[in-house]
Amino acid sequence: MVKIKIAFSLLILGLAFTSCDNSDDIPNFKNLTLNVSGLEDLGSDYVYEGWIIVDGSPITTGRFSVDGTGNASQNTFSLDYESLTSATTFVLTIEPAVGDSPPPSSVHILAGDFSGKTGNLSISHAAALGNDYATAAGEYILATPTNGVDTNENSGIWFLSLESGSPTAGLKLPTLPVGWKYEGWTVINGIPVTTGTFTAVDMVDDFDGFSSTMDGPPFPGEDFLINAPSGLTFPTDIAGGIAVISIEPDPDNSPNPFLLKPLVGDIPGNAIDHTTYTMNQNLNFPTGTVTR
């Protein structure tokens, strides 16, 4: 009987030690929290999606939208513990809301590396746009070369410089990664009007729908002579308006300017055609942190 009691006591003691072994108590899930400011509503056709990079491969953290006041529909996401713990980088992309393929799109807007439990997110990370636009610069003239006559010269804008006496590129912009394009705009009577998208500052852009029949110079720009959008009449006088260069997702989520606008310039109210005017930097980009 004594031997049986001793054996039973040893069994109980062993179970006690086993229950205290917390090697199996590692949680299966861990939360990732985003704190990002400066994002905008993408409309009904697109959403934001987060990704962690684990051993060089992306793992989705979940999708969310942003309303008109900049509030995200979701900030915290539950992920596999081991994957999140071993992640090196976080990337935020823009994805189609319907019919999206599983891999990340090429439209990377923010990224950051984890340092311990947190990471700082910016557009300048190599996994996003890869540049902070601190060296961006822009110049433009007013002119309407596509009508071939010296009329309505304040009804067109071309992103070039005449300061040297001959036309030269008026924009100084970094090369964009795949998934993005630049787009020129003029705000006329409060309405943003595109001049076209482009990837090279010394070539024509991809739009001439408002221009007349003659060729323009080999730079981004547009004459506002025909096919005026609703609410406007062409020809017009864009003096007193605003010149804008935006960075647009490709494919684009909206016909309006995207939130990234590195160059903005007020067109003088007394602007004179064929005079070089300067744009200002506008580096108010989204930023944030990711925490695990």
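Just to confirm a number: summing +1 for Lys and Arg and -1 for Asp and Glu over residues other than residue 106 whose beta-carbon lies under 12 angstrom from that of residue 106, what do you get? Intermediate results must be reported in sequence, preceding the final value.
On the way: positive: 181; negative: 95, 250.
In short, -1.
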- Message: If I histogram all Cα-Cα distances within segment 233-287 using bins 10 Å wide from 0, what percent of pairs lands in each bin?
- Response: 21, 41, 31, 8, 0
- Query: What number, in percent, do you get for the relative contact order of segment 140-191 if the mean sequence gap of Cα pairs under 8 Å and at least 6 apart is divided by its residue count?
  - Reply: 25
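Give the relative contact order (percent, whole number) for the chain; include only Cα pairs under 8 Å separated by 6+ residues.
Values: 682 pairs, mean separation 54.1, N = 292.
So the answer I get is 19 percent.
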- Could you quote the convex hull projected area for the chain, Cα atoms only and averaged over all directions, in nm²? 20.3
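Only counting other Cβ atoms within 10 Å, I'd like 63, 292 sorted with the fewest neighbours first. If you can, show how the numbers build up before the last one.
Details: 63 16, 292 20.
Ranked by crowding around the Cβ, least crowded first: 63, 292.
How much length would be gained if the chain were fully extended between residue 97 and residue 149, taking 0.36 nm per residue of separation minus their Cα-Cα distance, in nm to one decimal? Kindly include the intermediate steps, with their values, before the conclusion.
Values: separation 52, 0.36 × 52 = 18.72 nm, distance 4.73 nm.
Extra length from residue 97 to residue 149 when fully extended: 14.0 nm.
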- Computed FRET value (nearest 0.05) for residue 172 with residue 72, which takes r as the C-beta separation and R₀ as 30 Å: 0.35
- Simple spin-label estimate for residue 163 and residue 278 in nanometres, 7 Å along Cα-Cβ: 0.7
- Query: Could you give the distance between the Cα centres of segment 31-88 and segment 147-167, to the whole Å?
  - Reply: 45
- Message: Projecting each Cα onto the charge dipole of segment 135-277 (Lys/Arg +1, Asp/Glu -1 at the beta carbon, about the Cα centre), which of 186, 262, 152 comes out farthest on the positive side?
- Response: 262
- Item | Inter-label distance, nm, simple model (7 Å from Cα along the C-beta direction), residue 137/residue 242 | 2.4
- Message: If each DSSP helix of 4+ residues adds -39,500 (n - 2.57) and the sum is divided by the residues in the chain, what number results at 222 nm, nearest 500 deg cm²/dmol?
- Response: -2500 deg cm²/dmol
- Query: Translational D (Stokes-Einstein, µm²/s) of segment 137-284 at 20 °C and 1.002 mPa s when Rh comes from the Kirkwood sum over C-alpha pairs?
  - Reply: 143
- Arrange 279, 203 by Cβ neighbour counts within 10 Å, fewest through most, would you? 203, 279
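Order by neighbour count: 212, 166, fewest other Cβ atoms within 10 Å first, most last.
Values: 212 18, 166 8.
Lowest count first: 166, 212.
Over the chain, how many pairs of lysines fall under 27 Å by alpha carbon, counting only those 8 or more apart in sequence or from different chains? Spell out each step's value before the answer.
On the way: 30/117; 172/181; 172/261; 181/261.
Here the count comes out as 4.
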- In degrees from 0 to 90, rounded to the nearest 10, what is the angle of the helix 2-20 Cα long axis to the longest principal axis of the chain? 10
- Query: Taking springs between alpha-carbon atoms closer than 10 angstrom, which of 100, 252, 132 fluctuates most in the Gaussian network model of the chain?
  - Reply: 100
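Label segment 29-130 by shape, choosing from rounded, prolate and oblate, from the square roots a ≥ b ≥ c of the eigenvalues of the Cα gyration tensor; if a/c is under 1.5 it is rounded, and otherwise prolate applies when a/b is larger than b/c, oblate when it is not. Please list the in-between numbers first.
Values: a/c = 1.43, a/b = 1.40, b/c = 1.02.
Verdict is rounded for segment 29-130.
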- Query: Excluding residue 281 itself, what net charge comes from residues whose Cβ is under 15 Å from its Cβ, given Lys and Arg +1 and Asp and Glu -1?
  - Reply: -1
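Every number in this text was worked out from the coordinates using simple rules, so none of it is lab data. Remember, it's a predicted structure, so these values are computed and weren't measured experimentally. Heads up, the Cβs are rebuilt from the backbone with ideal geometry, glycines too, and the neighbour counts pull from every protein chain shown.
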